[in-house]
Amino acid sequence: MVKPNNYWYYEVSKSAPQYALRYLSSAWKRCFTKVSGQPKFKKKGRNDSFPAECYANTLDGSITVGFNHIKLPRIGWVKTYEILPDNVTPKSITISRKAGRWFLSFKVDRVSQITEKSVDVVGVDLGVKSLATLSTGEVFEGAKSYKKLEAKLSRLQYLNRHKVKFSHNWKKAQLKIAQLHTKVANIRKDTLHKLTTYLAKNHSQIVIEDLNVSGMMANHKLAKAVADMGFYEFRRQLEYKCKLYGSELIIADRWFPSSKTCSRCGTVKESLLLSERVFNCEHCNFSCERDLNAALNLAMAVSSTVNACGLDNADVARAKQE
Ligand SMILES: [Zn+2]
């Protein structure tokens, strides 16, 4: 009944409707096992994507990857802006559209490349003020992209206020807003990728805090800043990049008092206000920047467990080289 009424059915790769049913089945399975809620209908114009699968030996269903072009089933040759990896034959590809641009994504096998590490252990404290503070003293300023472009965004939305919904001018304005949102997301992605690649390539052991992100998001004052930094994404990227570059990711306990502990003498403070930017220890008169102190504590949390095994850092480094 679907096919005669919807002529476009024959214009798309046959795997697109097949995948729709497959995804629906897994969505209901997730719903019945109480993992997630009921599946919702996909809406045209929002998160547009469809998968195209390659069937060996069928003429129109093959995907061929060239230098900067790719052959898709049904669609044919498509030029790409980015240079594609060579010697790959993807089995399936997902095609998506975001803010007026089309994207292709497929899986590629990658061999892990072990890089030479200049630093053994590094503690990373994620903060709201700056994106990350390393125990080596390095500070990464976050690209607070949203804050910067917020004014521009709100102006666009303001100008759009009287436009008739679904009219041509409304659509044009909607696209502009979507493009700005994508720009914000891209700036954020770029900063995070640079930071996580730097960490995974140059450090043998990386210690991060198990941040209670949903707890922090519940605090309205912090929510916006936390969302702007993309903490979840930070951890996800570190997890796969550590595997790729041969380093180890260590996640400190959620209740480890990294900011309240003195990194020199180990005294734990009773309370520490969020506004206190400098850590001052009453015991040993140690004074240092709050985030740096937390990063130092995270790095030391690992050294102490290593020492408990009767090894010092030099031994560990030697064992690693062997
Ligand atoms: Zn102290």
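The residues of the range 127-141 that are more than 11 Å from residue 191 (Cβ to Cβ) and aliphatic (A, V, I, L, M), listed by number, are 128, 134, 139.
For the range 268-288, check the following and say yes or no: at least one residue is modelled with pLDDT of 80 or more, touching a Leu at 6+ places or on another chain (Cβ under 9 Å) and among the basic types (Lys, Arg). Looking through the range 268-288, none of the residues is modelled with pLDDT of 80 or more, touching a Leu at 6+ places or on another chain (Cβ under 9 Å) and among the basic types (Lys, Arg).
If you filter the range 66-113 down to residues that are hydrophobic (A, V, I, L, M, F, W, C) and touching a Pro at 6+ places or on another chain (Cβ under 6 Å), you find that the one that is nearest to residue 9 (Cα to Cα) is 106. Within the range 239-287, being near the ligand (Cβ under 9 Å from one of its atoms) and surrounded by fewer than 13 Cβ atoms within 10 Å (Cβ to Cβ) holds for 265, 282, 283, 284, 285. Return yes when residue 15 is surrounded by 15 or more Cβ atoms within 10 Å (Cβ to Cβ), farther than 27 Å from residue 182 by Cα and outside the structural domain of residue 239 (by TED's automatic domain parsing) and no when it is not. Here the answer is yes, as residue 15 does meet what is asked. Residue-level check: of (1) buried (at least 16 other Cβ atoms within 10 Å of the Cβ); (2) assigned to a loop (DSSP other than H, G, I, E, B), residue 113 misses just (1). Checking each residue in the range 48-87 for being among the β-branched types (Val, Ile, Thr), at pLDDT 85 or above, within 21 Å of residue 109 (Cβ to Cβ) and surrounded by 11 or more Cβ atoms within 10 Å (Cβ to Cβ) picks out 70, 80.
Listed by position, the helices (runs of 4 or more DSSP H) inside the range 164-237 whose residues that are within 21 Å of residue 141 (Cα to Cα) and at pLDDT 90 or above number at least 3 are 168-202.
Look at (1) at negative phi; (2) at pLDDT 85 or above and you find that residue 143 fails only one, number (2).
The values are calculated or read from the model by the stated rules, or taken from the named source; none is laboratory data. Only a predicted model underlies this, so the values are computations on that prediction, with no experimental measurement involved. Cβ coordinates were reconstructed from backbone atoms using ideal geometry, including for glycine residues, and neighbour counts include every protein chain displayed.
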